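Undergrad: To start, I am sharing the structure in question, which I have written as structure tokens.
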Amino acid sequence: MTDIEAVIQVEHPDIVCTESVAHDQSSKVMSVSEAGTDPTSRTFYYYIESSDFNRFEDGLRNDNTIAEFERIIETRDQEAIYCVEYSGEGILLSPVISAANGVILDKENDGSSWLFRIWMTEREDLRYIWDYAQQNDIEIELQRVNEYASLGNTDAGLTDSQREALLVALETGYFEEPRNATLGEVAAALDISQPAAGGLLRRGVRRLIISSLLDESKTQSNYKPDADIL
């Protein structure tokens, strides 16, 4: 059994935040993957790069997919972290990816389109995302699919504790967007403290990323959607 890491590119004017980035074409929107999310809300955190935050915020105000936003902190020149609450209008792809048993590793815009890097246990589950896109007139392109040994069958440099923590977090929905489990709930399932659980997850994800990147030149395969998904 193998896990896959897929990169898909999607585009549709009604995808959340698309109007905002169209208004400020200098902007780059990237997900803050380590930020906690209340699973009952539509609140998300993003790294934003922009040459003009006022222009970007004008785009947010005029974007009907955005209910509220707040600039939390400017991390450096032309970079900031924003808290964004979706309005419930528009197209939100994270529930679709979660329904396909996928975990969003990264999300960022490429102009008015969006790139999602997704971890999945079955390549066939990509069909669910593909069918949703086709049914909703969303332009979708498969950029890359990499295959890796399953998390349950390889150490990837992981300790037993890190592997257990990652699997528990995955099963409880901690990696979904919005999250279906808090870090506290993951810690309770592991019977350890919340800081200890957070440390295991951070180190485990780091080991997986290092392992994937080091092996990428050997394991990367490019697939055509028509041949391998549909």
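Undergrad: Mind checking which helices (runs of 4 or more DSSP H) fall wholly inside region 81-197 and carry at least 3 residues that are farther than 16 Å from GLN9 by Cα and of a type outside the set (Gly, Ala, Ser)?
TA: 160-172, 183-190
Undergrad: Does SER98 meet the test of being of a type in the set (Gly, Ala, Ser) and closer than 24 Å to ILE66 by Cβ?
TA: When the stated conditions are applied, SER98 passes them.
Undergrad: May I pose another question? With the condition kept exactly as written, say whether any residue in region 67-74 is of a type outside the set (Lys, Arg), under 24 Å from ILE209 (Cα atoms) and in contact (Cβ under 8 Å) with a residue 12 or more places away in the chain.
TA: no
Undergrad: Just checking, which of ALA165, ALA149, ALA156 is surrounded by 14 or more Cβ atoms within 10 Å (Cβ to Cβ), modelled with pLDDT of 85 or more and over 30 Å from THR18 (Cβ atoms)?
TA: Among ALA165, ALA149, ALA156, only ALA165 is surrounded by 14 or more Cβ atoms within 10 Å (Cβ to Cβ), modelled with pLDDT of 85 or more and over 30 Å from THR18 (Cβ atoms).
Undergrad: Something else now. In region 47-68, is there at least one residue being under 20 Å from VAL10 (Cα atoms), part of a strand (DSSP E or B) and open to solvent by 70 Å² or more (accessible area, probe 1.4 Å)?
TA: yes
Undergrad: With (1) open to solvent by less than 50 Å² (accessible area, probe 1.4 Å); (2) of a type in the set (A, V, I, L, M); (3) part of a strand (DSSP E or B); (4) modelled with pLDDT under 90 as the list, and ILE73 as the residue in question, which single condition is left unmet?
TA: Checking ILE73 against (1) open to solvent by less than 50 Å² (accessible area, probe 1.4 Å); (2) of a type in the set (A, V, I, L, M); (3) part of a strand (DSSP E or B); (4) modelled with pLDDT under 90, the one that fails is (1).
The values are calculated or read from the model by the stated rules, or taken from the named source; none is laboratory data. Since this is a predicted model, take the numbers as computed values, not measurements. All Cβ positions, even for glycine, are placed from backbone atoms using ideal geometry, and neighbour counts span all protein chains on display. All accessible areas refer to the heavy atoms of the entire protein, side chains included, with ligands and DNA or RNA removed. Shrake-Rupley method; radii C 1.70, N 1.55, O 1.52, S 1.80 Å.
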